[in-house]
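Nothing in this text is a laboratory measurement; each read-out follows from the coordinates by a stated rule. Computed from a predicted structure; not experimentally measured. Note that we place each Cβ from the backbone using ideal geometry, even for glycine, and neighbour counts take in every protein chain shown.
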Amino acid sequence: MRPLVAVLHHSRSFFPLDLHQMVRDDFELLWAVNEETAADVTMMRLLRKFGTVVEIGGLDFDQASAVLAEHRPEGIVSFVDDNVELAAQLAARLGLIYHSPEVAANLVDKRRQRMVLDDAGIPGPRFWTVPAGLSRAEVKEMADDITYPAVLKPAEGSGSRGIIRLSGPDDLVDTVEAEPGSDGYLVEEYLVDELHDRWFASYFSVESVVSGGVISHAAICGRFPLAEPFRETGNFVPGLLDPELEPEVFAMVEATTEALGIRDAVVHTEIKLTPDGPRLIEINGRLGGRPPFVLMSVSSVNLFKAACAVAVGTPVRFDRPVACDGVGFWLMRQPPVSARTVRSITGVAEVSELDGVDEVIVRRNAGSSVDWREGTDSLVATVKGRRPDHAALAETVAAVNRLLTVDYTE
């Protein structure tokens with residue numbers, strides 16, 4: 001009998017078919033959905049093909065946990081930050097393994113997370129917290145004390161949404177005034193890049209598993225340079241990191257999970273290399289979005305199964321980051337900030353014929369609107385594949401950038 005894992009589905013979660021295919025041999029899925037998903041007839045039909053569906057939208061924590069309890073799940077997971085706190089509350093009531101409500105709150109709120117990590121001495125950027133409800137004068141007074149350039153992040157959120165660069169005090173004042181209903185913001189010092197090859201970014205992520213309080217690391221995931229202002233453009237595994245830095249980086253991740261009290265989770269930690277050494281950007285208390293797929297393209301490691309195994313209390317350990325057969329990649333094309341509509345896309349066929357390219361997915365065809373404010377989700381196309389080594393990947397990236405042309409209206 002396969003263990004039943006409750007999945008708190010969200011519109012930005014993994015596509016249900018993908019998740020089902022990744023774990024179906026070892027786990028059954030119980031989909032818990034909110035009002036938005038329940039109203040989507042097509043999605044509900046799809047979810048029912050891959051497991052039992054329960055509607056918990058509009059219910060309080062006790063009511064929702066009672067609904068789930070009828071199905072006797074042995075584990076619970078959320079693959080998006082939006083549902084991490086809900087999962088923690090439900091897990092506490094159902095006696096399931098998950099973050100405690102306090103840990104979940106510290107993970108989801110970037111201000112709280114940064115304060116906990118600062119108290120623990122984890123190297124990171126200087127920061128300032130901006131509470132909700134401040135008057136323009138109060139924001140102006142605070143803005144004058146910040147060092148610029150700086151990075152403004154919504155207190156809660158993911159996918160690079162709402163993250164902008166602040167050049168000076170007026171940028172902060174104008175942004176906060178334009179979003180009076182915001183839950184508040186975190187302002188961070190802009191971390192200067194370490195010198196690096198131009199085709200990959202100076203930040204990366206570590207994909208780790210914390211199981212029964214013991215942490216191990218599955219992979220280092222490299223990144224391509226960000227699109228303005230701070231939108232992601234893809235990942236590659238294994239990442240490029242000086243082996244001499246690995247012990248320091250892994251120790252930083254371990255200290256971070258310990259400071260936050262994470263005991264059972266697959267976690268995704270983002271770190272930037274600076275002239276002053278590695279600095280922690282943030283940690284996500286759930287599986288990363290693209291790295292698990294990229295990792296599976298070059299190894300036998302299935303982090304989706306690992307997340308479900310941890311959720312039901314099955315120990316998961318890695319002696320070291322897994323050996324990879326080549327370098328897997330997802331390269332994403334983002335529109336410029338000035339773009340409003342896709343006018344045309346050319347070069348898709350040519351890119352598809354490149355050595356090592358497995359798939360080119362066009363997400364926005366001619367006539368589709370684009371908006372950088374959607375964060376990473378504003379992407380126009382994704383190129384997926386595998387190369388024998390990093391030098392070959394660099395050549396492929398250059399070829400994709402040369403061949404794939406997107407024209408926009410502004």
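Can you give the local net charge around Thr269? Use residues other than it whose beta-carbon is closer than 9 angstrom to its beta-carbon, Lys and Arg +1, Asp and Glu -1.
Result for the neighbourhood of Thr269: -3.
In debye to the nearest 20, how big a dipole does the chain give about its Cα centre with +1 on each Lys and Arg Cβ and -1 on each Asp and Glu Cβ? Don't skip to the answer; put the middle values down first.
Details: 39 positive and 62 negative charges, 220 e Å.
Dipole about the Cα centre, nearest 20: 1060 debye.
Would you work out if the chain is rounded, prolate or oblate? Take a ≥ b ≥ c from the square roots of the eigenvalues of the alpha-carbon gyration tensor; rounded if a/c is under 1.5, else prolate when a/b is larger than b/c, oblate otherwise. Write out the running numbers ahead of the final one.
Values: a/c = 1.28, a/b = 1.10, b/c = 1.17.
Since a/c stays below 1.5, the shape of the chain is classed as rounded.
Given Lys110/Lys305; Lys153/Lys272; Lys49/Lys384, which pairs have Cα atoms separated by over 21 Å?
Over 21 Å Cα-Cα: Lys110/Lys305; Lys49/Lys384.
Label region 111-209 by shape, choosing from rounded, prolate and oblate, from the square roots a ≥ b ≥ c of the eigenvalues of the Cα gyration tensor; if a/c is under 1.5 it is rounded, and otherwise prolate applies when a/b is larger than b/c, oblate when it is not.
prolate
For a test of the definition: using alpha carbon positions, the gyration tensor, and the 1.5 limit on a/c, classify region 308-410 as rounded, prolate or oblate.
Judged from the Cα gyration tensor, region 308-410 comes out oblate (a/c at least 1.5, b/c at or above a/b).
Take Thr147, Thr52, Thr256 and order them by how many other Cβ atoms sit within 10 Å, fewest up front.
Neighbour counts put them in this order, fewest first: Thr147, Thr52, Thr256.
Given the -39500 (n - 2.57) contribution per DSSP H run of 4+ residues, what per-residue ellipticity at 222 nm results for the chain, rounded to the nearest 500 deg cm²/dmol?
-8500 deg cm²/dmol
Hey, rough spin-label estimate for Tyr148 and Asn401, points 7 angstrom out along Cα→Cβ, what's it come to in nanometres?
Here the modelled spin labels are 2.9 nm apart.
Quick one: dipole size for region 125-189, taken about the Cα centre, charges +1 on Lys/Arg Cβ and -1 on Asp/Glu Cβ, in debye to the nearest 20.
Dipole magnitude for region 125-189 comes out near 200 debye.
So what is Rg over Rh here for region 192-325, counting just Cα atoms and using Kirkwood for Rh?
0.95
I need Glu410, Glu179, Glu188 ordered by Cβ neighbour count within 10 Å, fewest first.
Fewest to most other Cβ atoms nearby, the residues stand as Glu410, Glu179, Glu188.
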